[in-house]
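Trainee: Just dropping this structure here.
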Amino acid sequence: MSDKFELPKSKGVVFWPIGTGDSTTIVIEPDEVVMQIDLRHLAKAEDGESPEWPIVDHLVDRLPQVDGKPFLSAFVLTHPDKDHIQGFEELLKQVTIGEIWHTPKVFRDLDENESLCDDAVAFRDEAHRRRKAILDANGETKSGDRLRVIGHDDLLKEDDYVNLPEECKSRPGELVTSVNGEDVSGSFEAFIHAPFKEDQAKDRNNTSLSLNVSLLDGDERAQFFFFGDREYLTIKRIFEVTEDYEENVDYLNWNVMLSAHHCSKSVMFWKGEDDDEPKFRKDIMVYFEKYSQNGKIIASALSDFSDEEGKNPPHKKARKKYEAIVDAGNFLCTHEYPDKDDPKPIVFTVDGSDGFGFDDSRAKAAGPAGLATAVESARGASKPPQTQTEFGNS
Amino acid sequence: MTRGQQRAVVELERMAQSAPDDLEFDIEEELKDGILVVRIELRIGLLETAKGGLQFRERESFSLRIPGEFPFQYPRIEVSHRRFAGFPHVTWGRWLCLYQSVAQWNPEDGLYGFFDRLHEWIGRAAMNDMDPVEGALEPPYHLTDSTQVPFVIRKNVPVPPGESWIGLAVLKRYSNRIDLVGWEEFSSDLPQGQSLALATMLPEVLPMEFPITGKALFTELENQGQDRNMLISRLTIAALLTKEGAPVHMVVGLPMRRSATGETRTHIAVWTIPSDVGDSIRKSLASDTDSEALREIRDKLADAVWKLIEVSPVYWCRILEDRSEILVRRDAGTPLSILANTKVLVLGCGALGSWVAEMLARSSPATLDLVDTGIVKPGILVRQNFTPDDYGKGKAKALADRIEKIAPDVCVSAHQQDAHRFITGDRPRFSDFDLVLDCTASSIFQMKLERDWIDLGGHSPRMISMFLDAQAQRILAMSIDRGVPAGIWDGYVRLKHRLCLQEQADLANAFYSESAESLLFQPEPGCSDPTFVGSMADVVGLSAAALNRSLAEPPSADHIVGFGVGSTRCAAPTHRTFKIKHDLRVVLPTTRIHFSDVVFGTARSFVRQNARERTSSDETGGLLWGRWDEALGIIWVFDLSGPPPDSSHDNGRFLCGTEGTQEEHDRRFERSGGTSGFIGFWHTHPQMVSQQSAVDIAGMAKLVSRIGDNQRRALMLIFGQDGDQSTAGIYVYENLASHGQNHDLVQVSNEQIQLEVNVL
């Protein structure tokens, strides 16, 4: 069920209620430069009855117009799983995309289980088209054909890529301050944490692009951490490696963190070689807490948190661990905000005069609301019942 | 686990089941002292917050410590981190102070009330609303040296709170205490012939938890502008004021207390330094005759001493407040009288018991046993029967000592013991007393005794119990005969019901209204038990009158007697007597049911009315009214009402309507002062046995299960016939559904009884 909704009129980030999957919109310059990280468009959302919002429809309606067509400055794909790319083919038809960012994983399957969905194939084909266009133009790039390949991979040493200009390549440890060829350094910084060189042989989740995006306005800076679907070891490595470079440590700070893999327990419960079952790993939570700037954690997922055997994320165990490191009210599920029945996008804004903002529309309580409910229900009613009670001798 | 702890776990299970995403718990361990440790995880959610409020995490863990005596002793709750440390009503960095005193705890509501309180605590902490100006600020927490005698602070401080001052405290030393009786300006000539200690009034507060090491204390004092060298020189003076071999004392005043009306008051603490350290300080002082080498040795000694003080724990002496600026006086004058009696047990040696015991002692009883756990403190002398020589002694022993002086012929025994333990620890001894005076004024003691009454096996002694209202203008007394089947708490419950329903407004308001509770005050602002306002004259006069009345109008095997006595200070200084017939009591495995004598007669009236309006073979029924105390496992059935207007009656079926029943509940609840509300249903089985049918079972199971109105518990009373004998079937339905169970488990206990009244 989706309402009319406007993208923020200042710099900001929007987390959409799109089911369990990722779709984040970053407004870098209002009405001009907009970036989309991942996409999850469900066909059933288009009927307007389900709680999921049809993200492509909203982007088409709300993106800035260039030459009479909606214009997205950049589309960033963390990894080519369906819940991160669904709807891309349609988006490409209806929207002009200035630049696409992706990892080499788009071209490399670990095994047959990693075959690409239709939208991922469309994305891969688009990446190939752009690469050819750039090479055909002798390295000249233009909006609509731009490409940024992020990470190390042996693939990049092959002929198809070795001749791509350097501006089309980024590596971990690099700070990107341009989008679609435009210098936006006063508004935007994306610090690339991963994929690492040794990630290339890992599964798709653990090769996810990980970014720490800063939105800047005057003296204000708000940082947004994205990990894709990474798990415990490859997220921990981000903190370990970055702490080795003092000049980069600030890019571990976060005001908002999109919980990896839609609030998966694999982030903090991990089965080591000698373990019989996954064990809680406190060290990763310590890292998260250490760099939190009174942070808010987003679970981009339906509100069906559970720990049942074989259940996909979101996981209740993970939620509880996240809730233990943020202040009250700072764990937000996209399908619980402002309430479960009628979820709405979660919008953060950055404004030089107003600062980092979150126009929280949830009702505030005068105590833990759940506790009051629990006590009332457990105590039972003292008044007579409101329904008739039947007695008889037969 | 004790029965009470099992109840606590059931309550937790119910709450966790009701809100599984918000409240989870794990039983962690049972400690050696019987305390059950339960870890609670609570989702806090978005809160109203204010600047300076406590910052909660979205999910907070708590450790709940449930004592074996639960619900008669309330649980403690702590956190494992120090994020709350330093916040008001958080003690020792981890413990949440939810209750100022046991008087605020309601055993009947168990953990539900506890969690209501936690809910309020969290909400107020988030709003930084924990220390309202109008409230009393609790005294600070510090390490106490309990090996030394306490200081009794009797003289008001020399300067207003927050004003710096340095001088001398004048002390009077007794074997059991050191009284601080005056303040002297500091001068170079020390007063001779007096016991003195250095005293300083600091301008600012220390943290609510005092610094634990000397270094931390020095740092705090330096932050207040107290120069370190000056501190050292003051401590040196303090050491010089102390005799060799005695601990050094330094009196410190801080603006850290508050009167009940909100004004800041000076808190007095006494820092104590061990005698050997004091001796070393004195030895480190330079003398004019010192050689160079000796001076060097003294300097090194001084360095070592100050380093030792820095790393050593800071200990403070026990303080007993007797300052008029801190304590709220209990006096206002009325006449008194005395009474005599013989062989008795007095439970509680406080405001009532200490005088009642003396009244009894003066009448020369053969034996007099005195039971109390408390100690004698200064403030209580206004109206309790002790002297300053008794300070710090056990009350029972101090009173016994006094009574032995007054009545040497009486064999007096003192028992510094909890009243309930005294009884249950030796039941034959208890049964042997001719008369027991319950002067505890403790509903928790009375409730515990009621719970265990059945264990006395009908060998209970004659008892008189009494308690005062919040302003000591009236006293209620309860008198029960030897060997009766229910105790004094049962008597008080029924007396309250009688007072409220018979419109004895003055007594009902004085003892059972919300405003009555608000008139209590805290004699030492902070976490002390609220008590009543009244002089010795009030308590002696009323307790003597109550004792007189109780002895003059004894109870019998048929009835108990309640008394309401007003003193000459109140508007209606009359004596009223309430004779209350014994209930019909039915004992089920988990529950005792007390039926008021009006219940069956009223049922008969409704049955006859039904026969007139319909036929005698049509079923009828209605609602039961009373009180259901889960903590005690007692249901009081005070009354029943007829079929609501929307009921339907058939041969073999009765559908109990709902019209007007909610309003009826509200009316009865308010009128009875909360004593009587809806507790279940009654109906008839004409010409049939009073056994429950399949339809009855389905109706009641639905009622108490979550598919119904979440009633959780209800009593069903069926009137039937066994031949010519009128009978009643009693069915107690309780929902035992708990955490982790997906279905509702309903427990039914039942009993068939024969009735003297022919209801059908």
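The values are calculated or read from the model by the stated rules, or taken from the named source; none is laboratory data. All values derive from a computational prediction rather than experimental measurement. When we count neighbours, we look across all protein chains shown, and the Cβ atoms used for this are built from the backbone with ideal geometry, even at glycine. The accessibility values were calculated without ligands, DNA or RNA, using every heavy atom of the protein model including side chains. Shrake-Rupley method; radii C 1.70, N 1.55, O 1.52, S 1.80 Å.
Trainee: In nanometres, what is the gap between the two model label sites at B:Lys172 and A:Ala201, each 7 Å from Cα along Cα-to-Cβ?
Mentor: That separation, rounded to one decimal, is 9.0 nm.
Trainee: Taking 8 Å as the Cα distance limit and 6 or more residues as the minimum spacing, I'd like the relative contact order of the stretch B:584-754 as a percentage. Could the numbers behind the result be given before it?
Mentor: Numbers: 354 pairs, mean separation 29.3, N = 171.
RCO, the stretch B:584-754: 17 percent.
Trainee: Leaving ligands, DNA and RNA out of it, report the carbon-plus-sulfur percent of the accessible area of the protein assembly as shown at a 1.4 Å probe. Intermediate values should be presented prior to the final figure.
Mentor: On the way: 21970 of 47030 Å².
Ligands and nucleic acids excluded, carbon and sulfur reach 47 percent.
Trainee: On the full set of protein chains, 1.4 Å probe, figure out the accessible area of A:Asp47 and give it in Å² to the nearest 10.
Mentor: 100
Trainee: To the nearest whole number, what is the average tally of beta carbon atoms from other chains within 10 Å of the beta carbons of peptide B:57-67? Don't skip to the end; give the middle numbers.
Mentor: Values: counts 9, 15, 10, 4, 2, 0, 0, 0, 0, 0, 0.
Averaged over the peptide's residues, the number is 4.
Trainee: Could you work out the relative contact order of chain B, using alpha carbon pairs under 8 angstrom and six or more residues apart, expressed as a whole percent? Show your work: numbers first, answer last.
Mentor: Values: 1621 pairs, mean separation 62.7, N = 760.
Once normalised by length, the contact order is 8 percent.
Trainee: If I require 15 Å or longer along the helix axis, counting alpha carbons, and a Kyte-Doolittle average no lower than 1.6, what helices from chain A are left? Use full DSSP H segments. Numbers along the way, then the final one.
Mentor: Working: long enough: A:118-136 (27 Å, -1.06); A:232-243 (17 Å, 0.14); A:369-379 (16 Å, 0.48).
Helices meeting the criterion: none.
Trainee: Only bridges whose two residues both fall in the protein assembly as shown count here: according to DSSP, what percent of them are antiparallel, nearest 5?
Mentor: Numbers: 153 of 219 bridges.
Of all bridge pairs located within the protein assembly as shown, approximately 70 percent are antiparallel.
Trainee: While we're on this one: Counting only other chains, and only Cβ atoms inside 10 Å, what mean value do you get across the residues of B:24-35? Working shown, then result.
Mentor: Details: counts 1, 0, 0, 0, 0, 0, 0, 0, 0, 0, 0, 0.
Shielding by partners across B:24-35 averages 0.
Trainee: Please report the buried accessible area for the interface of B with A, total over both chains, probe 1.4 Å, in Å² to the nearest 100. Intermediate results must be reported in sequence, preceding the final value.
Mentor: Values: alone 33470 and 18580 Å², together 47030 Å².
Heavy-atom accessible area buried at this interface is about 5000 Å².
Trainee: Placing +1 at every Lys and Arg Cβ and -1 at every Asp and Glu Cβ, with all other atoms neutral, what dipole size does chain B have around its Cα centre, in debye to the nearest 20? It would help to have the intermediate numbers written out before the result.
Mentor: Values: 78 positive and 101 negative charges, 263 e Å.
About 1260 debye.
Trainee: If you take all C-alpha pairs in the stretch A:28-105, what percent of them are over 21 Å apart?
Mentor: Of all Cα-Cα distances in the stretch A:28-105, 27 percent exceed 21 Å.
Trainee: Moving on. Please give the Cα centre distance for the stretch B:42-89 versus the stretch A:268-304, rounded to the nearest Å.
Mentor: The two parts, judged by their Cα centres, are 24 Å apart.
Trainee: With a cap of 10 neighbouring Cβ atoms within 10 Å, and only residues DSSP puts in a loop, list the GluC sites (Glu not before Pro) found in the stretch B:146-255. Don't skip to the end; give the middle numbers.
Mentor: Details: sites: B:Glu163, B:Glu184, B:Glu185, B:Glu204, B:Glu209, B:Glu220, B:Glu222, B:Glu244; in loops: B:Glu163, B:Glu204, B:Glu244.
Passing sites in the stretch B:146-255 are B:Glu244.
Trainee: Ignore the peptide's own chain and count Cβ atoms of other chains within 10 Å of each Cβ in A:344-354; give me the average, rounded. Mind dumping the intermediate values first?
Mentor: Values: counts 0, 0, 0, 0, 0, 0, 0, 0, 0, 0, 0.
The mean count of partner-chain Cβ atoms within 10 Å per residue comes to 0.
Trainee: Per residue, how much accessible area does chain B have with a 1.4 Å probe, in Å²?
Mentor: Numbers: 31120 Å² over 760 residues.
I get 41 Å² per residue for this part.
Trainee: Here's something else I'd like to know. Using a cut-off of 19 Å between alpha-carbon atoms, which lysines can reach A:Lys321, once sequence neighbours fewer than 8 places away in the same chain are excluded?
Mentor: A:Lys236, A:Lys265, A:Lys271, A:Lys279, A:Lys282, A:Lys290, A:Lys296, A:Lys311
Trainee: How would you rank B:41-49, A:151-159, B:713-721, highest first, on the average number of other Cβ atoms within 10 Å across their residues?
Mentor: On the way: B:41-49: 20.8, A:151-159: 14.7, B:713-721: 24.1.
Packing order, densest peptide first, comes out as B:713-721, B:41-49, A:151-159.
Trainee: Show me the GluC sites (Glu not before Pro) within the stretch B:653-732 that DSSP assigns to loop and that have at most 15 other Cβ atoms within 10 Å of their Cβ. List each step's numbers first, then the result.
Mentor: Values: sites: B:Glu659, B:Glu663, B:Glu664, B:Glu670; in loops: B:Glu659.
Hits after loop and neighbour filter: B:Glu659.
Trainee: For the Cα atoms of chain B, what angle does the longest principal axis make with the long axis of helix B:395-406, in degrees from 0 to 90, nearest 10?
Mentor: 90
Trainee: Suppose the chain between B:Arg94 and B:Glu163 were pulled fully straight at 0.36 nm per residue; how much longer would it get relative to their current alpha carbon spacing?
Mentor: Numbers: separation 69, 0.36 × 69 = 24.84 nm, distance 3.17 nm.
The B:Arg94-B:Glu163 span can extend by a further 21.7 nm.
Trainee: Separate question: For chain A, what does the accessible surface come to per residue with a 1.4 Å probe? Please give it in Å².
Mentor: On the way: 15920 Å² over 394 residues.
Spelled out: the 1.4 Å probe surface of chain A, per residue, equals 40 Å².
Trainee: While we're looking at this one, here's another question. What share of Cα pairs, in percent, lie more than 31 angstrom apart in the stretch A:11-379?
Mentor: Details: 21882 of 67896 pairs.
Value for the stretch A:11-379 (Cα pairs over 31 Å): 32 percent.
Trainee: Another question about this same structure. Could you work out how far helix B:598-613 tilts from the main Cα principal axis of chain B, as a 0 to 90 degree angle to the nearest 10?
Mentor: Between helix and principal axis, roughly 30 degrees.
Trainee: Can you list the lysines whose alpha carbon is less than 25 Å from that of B:Lys397, not counting same-chain residues fewer than 8 positions off?
Mentor: Straight-line reach from B:Lys397, under 25 Å: B:Lys172, B:Lys343, B:Lys377, B:Lys405, B:Lys448.
Trainee: Right, another one. To test your reading of the geometry: what angle, between 0 and 90 degrees and rounded to tens, separates the Cα axis of helix B:536-552 from the longest principal axis of chain B?
Mentor: It is inclined by approximately 30 degrees.
Trainee: What ranking do A:355-365, A:315-325 get when scored by the average of other Cβ atoms within 10 Å per residue, highest first?
Mentor: On the way: A:355-365: 14.5, A:315-325: 21.3.
Top of the packing list down: A:315-325, A:355-365.
Trainee: Also, I was wondering about something else. Which trypsin sites (Lys or Arg not before Pro) from the stretch A:1-108 combine a DSSP loop assignment with at most 13 other Cβ atoms within 10 Å? Spell out each step's value before the answer.
Mentor: Details: sites: A:Lys4, A:Lys9, A:Lys11, A:Arg40, A:Lys44, A:Arg62, A:Lys82, A:Lys93, A:Lys105, A:Arg108; in loops: A:Lys4, A:Lys9, A:Arg108.
Sites meeting the loop and neighbour criteria: A:Lys4, A:Lys9.
Trainee: Still on this structure, please answer the following. Taking a probe of 1.4 angstrom, what is the accessible area of B:Tyr112 in Å², to the nearest 10?
Mentor: About 10 Å², ignoring ligands and nucleic acids.
Trainee: Let me ask something additional. For the stretch B:1-21, state which residues have at least 50 Å² less accessible area in the presence of all protein chains than in their chain by itself, taking the probe as 1.4 Å and leaving out ligands, DNA and RNA.
Mentor: In the stretch B:1-21, residues shielded by partner chains: B:Ser18.
Trainee: Do you know the relative contact order of chain A, to the nearest whole percent, from alpha carbon pairs under 8 angstrom that are 6+ apart? Intermediate values should be presented prior to the final figure.
Mentor: Details: 800 pairs, mean separation 56.1, N = 394.
With pairs under 8 Å counted, the relative contact order is 14 percent.
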